[in-house]
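Student: Input: one structure, supplied below.
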Amino acid sequence: MKLYLVKHEGEPVWVAALANETMYGYVPNTGMFHDNNALRNDFYMERYFSYEPIGSAEARRLINDVITPFDEDDYADALAEWRADRKPLNPAEVLSMAAGFNP
C-alpha cells in the first residue's frame, strides 16, 4: 500500500492510500479511509490534483493536524455515502500496512 498527500492548487485536500489499483481517501468527518473511485480516476487519468508520496508518519501527522473536515452542507450526499460505507478502512490499519513503503 502506498500513501499520498493529495493537493489541489497547492493546498492539502486528501491523504490517499493506493492498494491494488484501488484508491482510498481519508475522510476526516468519518475518521476512516473510503474507496474513492473519482480520486482513483484522477490519479490514473485526469490529474486535476497533484500526488506526493508520503510515509506513514507523515500521513498520521497530516490526518491529525492538516486535513480538514468536509463541509457538511456542501458535501452532504458524498458524506452520506461515506457514512453508509460497509467496508471503510481504519487509519491505524492503513498506516500499518503502508509502513513498509518508503517513498
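Student: Just a yes or no: is a residue in the range 60-76 out of contact with any Pro (no Cβ under 9 Å at 6 or more places or on another chain) and buried (at least 17 other Cβ atoms within 10 Å of the Cβ)?
Tutor: Among the residues of the range 60-76, not one is out of contact with any Pro (no Cβ under 9 Å at 6 or more places or on another chain) and buried (at least 17 other Cβ atoms within 10 Å of the Cβ), which makes the answer no.
A quick yes/no check of all residues on (1) among the aromatic types (F, W, Y); (2) closer than 19 Å to A57 by Cα; (3) open to solvent by less than 50 Å² (accessible area, probe 1.4 Å); (4) touching a Leu at 6+ places or on another chain (Cβ under 9 Å):
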residue: K7; (1), (2), (3), (4): no, yes, no, no
residue: W14; (1), (2), (3), (4): yes, yes, yes, yes
residue: L18; (1), (2), (3), (4): no, yes, yes, yes
residue: Y26; (1), (2), (3), (4): yes, yes, yes, yes
residue: L39; (1), (2), (3), (4): no, no, yes, no
residue: D42; (1), (2), (3), (4): no, no, yes, no
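Results for (1) assigned to a helix (DSSP H, G or I); (2) under 17 Å from Y4 (Cα atoms); (3) of a type in the set (V, I, T); (4) in contact with a Cys (Cβ under 9 Å, 6 or more places away or on another chain), shown as yes or no for each residue.
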position	(1), (2), (3), (4)
Y48	no, yes, no, no
D71	no, no, no, no
D74	no, no, no, no
A78	yes, no, no, no
R86	no, no, no, no
M97	yes, yes, no, no
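Student: Further question: Would you check if E93 is free of Cβ contacts under 8 Å to residues at least 60 places away in the same chain and either more than 15 Å from the chain's Cα centre (by Cα) or loosely packed, with under 11 Cβ neighbours inside 10 Å (or both)?
Tutor: Answer is no for this residue.
The values are calculated or read from the model by the stated rules, or taken from the named source; none is laboratory data. Being a predicted model, the structure only gives us computed values, none of them experimental. Reconstructed Cβ throughout: ideal geometry from the backbone, glycine too, with neighbour counts over all protein chains shown. The accessibility values were calculated without ligands, DNA or RNA, using every heavy atom of the protein model including side chains. Shrake-Rupley method; radii C 1.70, N 1.55, O 1.52, S 1.80 Å.
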